[in-house]
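This report refers to the structure that appears directly beneath it.
None of the figures in this text is laboratory data; all of them are computed from the coordinates on show. Owing to the predicted nature of the structure, the values given are computational and were not obtained by experimental measurement. Neighbour counts are summed over all protein chains in view; Cβ atoms, including those assigned to glycine, are modelled from backbone coordinates with ideal geometry.
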């Protein structure tokens with residue numbers, strides 16, 4: 001009995017599907033027009049089902065971004081996340097600006113001549129105190145002279161040059177380290193080094 005009801009119900013649905021006409025018009029309904037309208041109805045339903053299935057697969061199979069918040073990640077955790085999700089990783093900074101001196105250590109080394117005894121005050125005093133009257137005559141020729149006669153001014157110039165270089169570098173270092181690095185998101189390592 002239930003089987004007959006189900007069979008009868010399915011038969012009615014099949015008959016309705018065969019005779020379904022969504023494009024019925026008020027014009028003269030000839031068998032040819034009705035047949036065309038039923039074919040259009042079937043094509044429309046088929047396209048509707050295919051589009052629905054395609055959209056469903058697209059939604060199901062497409063990658064969807066998911067917002068995950070990690071509070072205060074370590075540097076190693078951030079680097080791992082950056083390797084995996086570099087295109088859409090955001091790491092907002094807790095401070096908008098920070099001085100370079102907080103995270104950089106810049107040192108400089110002057111040329112070794114600037115730390116040698118050739119620019120020391122003891123050497124410069126020795127050269128300045130040379131009694132030029134005691135320099136033997138035989139040391140002065142057309143091609144050579146005792147460097148002590150003019151060496152004091154050269155070494156004094158070199159000492160002054162080294163001192164000015166050191167002062168300028170220290171000033172530039174102080175200014176750079178107090179300069180503010182401003183960014184609202186943590187940049188990638190390569191972008192940071194390019195800046």
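Quick one: angle between helix 2-19 and the longest Cα principal axis of the chain, in degrees between 0 and 90, rounded to 10, please. In the chain, helix 2-19 runs at an angle near 80 degrees to the longest axis. Look at 94, 188 and count the other Cβ atoms within 10 Å of each Cβ; fewest to most, that gives 94, 188. Across the chain, the relative contact order, built from alpha-carbon pairs under 8 Å that are at least six residues apart, equals 26 percent. In the chain, the calculated helix contribution to ellipticity at 222 nm averages -18000 deg cm²/dmol per residue, counting -39,500 (n - 2.57) for every DSSP H run with n ≥ 4. Using only Cα atoms, find the angle between the long axis of helix 148-178 and the longest principal axis of the chain, and express it within 0 to 90 degrees, rounded to the nearest 10. Approximately 30 degrees, to the nearest 10.
Panel order for 52, 120, by other beta carbons found within 10 Å of each beta carbon, from fewest to most: 52, 120.
Exposure proxy shown here: for 130, 68, 119, the number of other Cβ atoms within 10 Å sets the order, fewest to most, as 68, 130, 119.
Fully extending the segment from residue 110 to residue 72 would add 9.7 nm, taking 0.36 nm per residue of separation and subtracting the current Cα-Cα distance. Label sites at residue 15 and residue 94, each approximated as a point 7 angstrom past Cα along Cα to Cβ, lie 7.6 nm apart. Helix 31-61 and the longest principal axis of the C-alpha atoms of the chain enclose an angle of approximately 30°. Each residue of the chain gets 349 Å³ once the volume of the Cα convex hull is shared out per residue. With each label modelled as a point 7 angstrom along the Cα→C-beta vector, the residue 32-residue 62 pair spans 4.5 nm.
In the stretch 2-61, the alpha-carbon atoms span a convex hull of 110 Å³ per residue.
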